[in-house]
Amino acid sequence: MKEIGVFGGTFDPPHYGHLLMASEVKAALSLDEIWFLPNSLPPHKQDEEHSSPIDRCEMLKLAVSGKEGFLVEPIELERTGPSYTYDTIVLLKEKYPDYHFSFIIGADMIEYLPKWNRVDQLLSMVRFVGVGRPGYSPATNYNLTMVDVPQFDVSSSMIRNRIEQGITTSYLMQDKIMDFIKEKGLYGT
């Protein structure tokens, strides 16, 4: 059975922190692949402005290009309306019945699990992997596998702000993604 790590997010834009987290989880849990799932319309971010799902998917493809075991799965972009993790996992399990999925979340999301749509059912369907920083394990009543990942203090919102202010993003994300952003005129470029 193939072991797949599912890493969902807006990835607006994708950066080295995303790649570091995915790489560390893949190695720590001996996963065969990490599938990056760009969200269509996350329920908790419906009021925020984002680049288009197609542009975010293309940036992700650039980010994982040439990275062994890293793939982009656009399953959420094929749906309309709010994108709930439960619905995505149901679709993945139907599409790939012989695969075992681990769903990767940042430590900051663990405290919000009680608010997730159908979280108890979701936890019975997949292994949840919480990514924390060394020495930090958030308290939870849920059964999670924790993986410590070296901290790289970067976020997509920080990168968007830097781009809007004309500050370099070198060493935060790949140059080919910045080239794409400029070509598409994203984030005020």
* In this structure, is Pro114 more than 21 Å from His18 (Cβ to Cβ), within 21 Å of the chain's Cα centre (by Cα) and surrounded by fewer than 19 Cβ atoms within 10 Å (Cβ to Cβ)? -> yes
Of a type in the set (Lys, Arg) and in a loop (DSSP other than H, G, I, E, B): does that describe Lys61? no
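Where residues in segment 1-11 are assigned to a strand (DSSP E or B) and not acidic (Asp, Glu), which of them is surrounded by the fewest Cβ atoms within 10 Å (Cβ to Cβ)?
At the first step, the residues of segment 1-11 found to be assigned to a strand (DSSP E or B) are 2-9.
Keeping just the survivors that are not acidic (Asp, Glu) gives 2, 4-9.
Values: Lys2: 11, Ile4: 23, Gly5: 25, Val6: 24, Phe7: 24, Gly8: 21, Gly9: 19.
The selected residue is Lys2.
With more than 27 Å from Gln151 (Cα to Cα), out of contact with any Pro (no Cβ under 7 Å at 6 or more places or on another chain) and part of a loop (DSSP other than H, G, I, E, B) as the only criterion, which of Pro97, Pro14 stands out?
Numbers: Pro14 fails: more than 27 Å from Gln151 (Cα to Cα).
Only one candidate passes the filter, namely Pro97.
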If we keep only residues of segment 50-61 that are buried (at least 20 other Cβ atoms within 10 Å of the Cβ) and among the aliphatic types (A, V, I, L, M), then the residue nearest to Leu92 (Cα to Cα) is Leu60
Checked Asp153, Asp148 against criteria (surrounded by fewer than 11 Cβ atoms within 10 Å (Cβ to Cβ) and closer than 22 Å to Tyr112 by Cα); the one match is Asp153
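Out of Asp179, Asp98, Asp175, Asp87, which single residue is over 25 Å from Leu19 (Cβ atoms) and modelled with pLDDT of 95 or more? Walk me through it before giving the result.
On the way: Asp179 fails: over 25 Å from Leu19 (Cβ atoms); Asp175 fails: over 25 Å from Leu19 (Cβ atoms); Asp87 fails: modelled with pLDDT of 95 or more.
On inspection, the qualifying residue turns out to be Asp98.
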Only unsatisfied item for Ile159, checking (1) under 19 Å from His15 (Cβ atoms); (2) part of a loop (DSSP other than H, G, I, E, B), is (2)
For segment 85-124 the number of residues that are out of contact with any Phe, Trp or Tyr (no Cβ under 8 Å at 6 or more places or on another chain) and either touching a residue at least 60 places away in the same chain (Cβ under 8 Å) or of a type outside the set (Val, Ile, Thr) (or both) is 20
_I'd like to know if segment 31-44 contains one or more residues that are modelled with pLDDT of 95 or more, of a type in the set (D, E, K, R), surrounded by fewer than 22 Cβ atoms within 10 Å (Cβ to Cβ) and outside any strand (DSSP E or B)._
yes
Restricted to segment 118-145 and to residues being modelled with pLDDT under 95 and under 16 Å from the mean Cα position of the chain (by Cα), the residue surrounded by the fewest Cβ atoms within 10 Å (Cβ to Cβ) is Gly132
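The values are calculated or read from the model by the stated rules, or taken from the named source; none is laboratory data. Just so it is clear, the structure is predicted and the values come from calculations on it, not from any experiment. All Cβ positions, glycine included, derive from the backbone under ideal geometry; neighbour counts span all protein chains shown.
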